[in-house]
Amino acid sequence: MRRRLPTLVLALALAVAGAAPAVAKKTSSMPDGCVVAPCVLERAVPLPSATAFGAIDNRVRILLPAQYDGHRRLPVLYLLHGAGDTYRTWVDNTDVETFAARLGVIVVMPDSGHTPDSGWYTDWADGSRKWESFHIGVLIPWVDATFATLASRAHRAVAGLSMGGFGATSYAGRHPDLFGAVASFSGALDTQLYGPAEAIGFAAVNPYFGTPDARVWGDGTTNSAEWAAHNPAALARAGKLKGLDGNLWLTTGTGTPGGPAGDDPSNPGGYAVEQFVWQTNQSFELALAQSGTAYHDLSYVGGLHSWPYWQYALHQVLPALAQAISAG
């Protein structure tokens, strides 16, 4: 014969049986959208106001490498796009997502405007866009506050292709306290190589290539000081890149057939652009030599201005760049 449970005990038993299971507290520091690294996140960087930086795109892609767990702090590479591209194009056109995922470096890919309003990593003279203020004053602090980063110059690098190569070297010269390593892939590294005539040429082809016009740095003759203040070659001559201590990598082709990443006869413009870029790189390297700045020249004979060559350059440079900002 079974005994009945006292009424109070029975009530307690039923209450416990019917209670919802306890929810375990989240212990991981992985950001929303990334269950396990490696992963690529897309975010809109918060702005202090909708109009503070003019007509800019504040979206960014962030590659968290396999080593990211939200606790261990990692170095950061800012990887900049070229004219006509967006913050998405490095991931969309190369294997950077898988190649960089094993290197232990957070890769941040911001936007800087699109053809014909490519931003040139600059606060425009006409006031309509403030890319430099956004990248330097908002993006970098936000990344360091949001992710587990090593938030110091020694552990922060900047690299880019074409216009992004300009941006990487210009930012490094203008903000030497922020970046400990730099790389340029087919970068436009002397925007005053041919004096004011170059500014005229840039303006003429702006609708096609997104090159700078008077909106960006003003008139090439009357505002030559403003052009020089952003020009990587002028910054190098002034010794502004000297603090990189050899942590500077340059790659570009000669704009002729026979390069290491193949040819594309259907793209004659790609060869012409790379020939011009190669000349600006020669001028930039001369400026580095004049100031006694050590650098690594990984340029090649042949090649054109195209994605297969930037993927090639990425593979040539990224491991050494990652090592430079991971040391110590």
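The values are calculated or read from the model by the stated rules, or taken from the named source; none is laboratory data. As the structure is a computational prediction, the values presented were derived from the model and not from experiment. Every residue, glycine among them, receives a Cβ derived from its backbone with ideal geometry; neighbour counts consider all protein chains shown. In case anyone asks, the SASA skips ligands and DNA or RNA and just uses the protein heavy atoms, side chains included. Shrake-Rupley method; radii C 1.70, N 1.55, O 1.52, S 1.80 Å.
Rounded if a/c is under 1.5, else prolate if a/b is larger than b/c, else oblate: which is segment 57-117, with a ≥ b ≥ c the root eigenvalues of its Cα gyration tensor?
Since a/c reaches 1.5 and a/b is larger than b/c, the shape of segment 57-117 is classed as prolate.
Taking every pair of alpha-carbon atoms in the chain, give the share separated by more than 35 Å as a whole percent.
25
Rounded to a whole number, what % of the accessible area of segment 38-169 do carbon and sulfur atoms account for, probe 1.4 Å?
50
Express the carbon and sulfur contribution to the solvent-accessible surface of segment 194-328 as a percent, rounded to the nearest whole number, probe 1.4 angstrom.
59
Please report, for the Cα atoms of segment 157-246, the Rg to one decimal and the Dmax as a whole number; what are they, in angstrom?
In Å, with Rg to one decimal and Dmax whole: 13.0, 38.
Tell me the Kirkwood hydrodynamic radius of segment 213-292 in angstroms, computed as one over the mean inverse distance between distinct C-alpha pairs.
14.7
So, counting K/R as plus one and D/E as minus one, what does the shell of residues with Cβ under 15 Å around Gly302 add up to?
Its environment carries a net charge of -3.
Run through the DSSP bridge list for the chain and note the antiparallel percent, rounded to the nearest 5.
About 40 percent, rounded to the nearest 5.
With every protein chain left in place and a probe of 1.4 Å, what is the accessible surface of Ser49, to the nearest 10 Å²?
Here the residue's solvent-accessible area equals roughly 50 Å².
Only loop residues by DSSP count here, and only those with at most 16 other Cβ atoms within 10 Å; note down the trypsin sites (Lys or Arg not before Pro) in segment 31-136 that meet that.
Taking segment 31-136 and a limit of 16 other Cβ atoms within 10 Å, the loop trypsin sites (Lys or Arg not before Pro) found are Arg72, Arg73, Arg88.
Looking at Trp217, Pro176, Ser326, which one has the Cα that reaches farthest to the positive end of the dipole of the chain (charges on Cβ: Lys, Arg +1; Asp, Glu -1)?
So the residue furthest toward the plus end is Ser326.
Mean separation of Cα pairs under 8 Å and 6+ residues apart, divided by the residue count of the chain: what relative contact order is that in percent?
Relative contact order of the chain: 16 percent.
How charged is the neighbourhood of Glu198? Take every other residue with its Cβ under 13 Å from the Cβ of Glu198, and add Lys/Arg as +1 and Asp/Glu as -1.
-3
Over all Cα pairs of segment 194-328, how is the pair count split among 5 Å bins, expressed in % and running from 0 up to the last occupied bin?
Percent of pairs per bin, in order: 2, 9, 16, 17, 18, 19, 12, 5, 1, 0.
Given the peptides 159-167, 297-305, arrange them by the average over their residues of other C-beta atoms within 10 Å, most packed first.
Result, highest mean Cβ count within 10 Å first: 159-167, 297-305.
Please list His81, His175 in order of solvent-accessible area, largest first, computed with a 1.4 Å probe with all protein chains present.
From most exposed to least exposed: His175, His81.
Measuring with a 1.4 Å probe in the full set of protein chains, what accessible area per residue, in whole Å², belongs to the chain?
Result: 44 Å² of accessible area for each residue.
If the chain between Tyr208 and Ala225 were fully stretched, how many nm would it gain, using 0.36 nm times the residue separation less the Cα-Cα distance?
Separation in residues times 0.36 nm, less the Cα-Cα distance, equals 3.5 nm.
Taking 1 over the mean of 1/r across every pair of different Cα atoms in segment 28-75, what Kirkwood radius in Å do you get?
Evaluated over segment 28-75, this radius sits at 12.4 Å.
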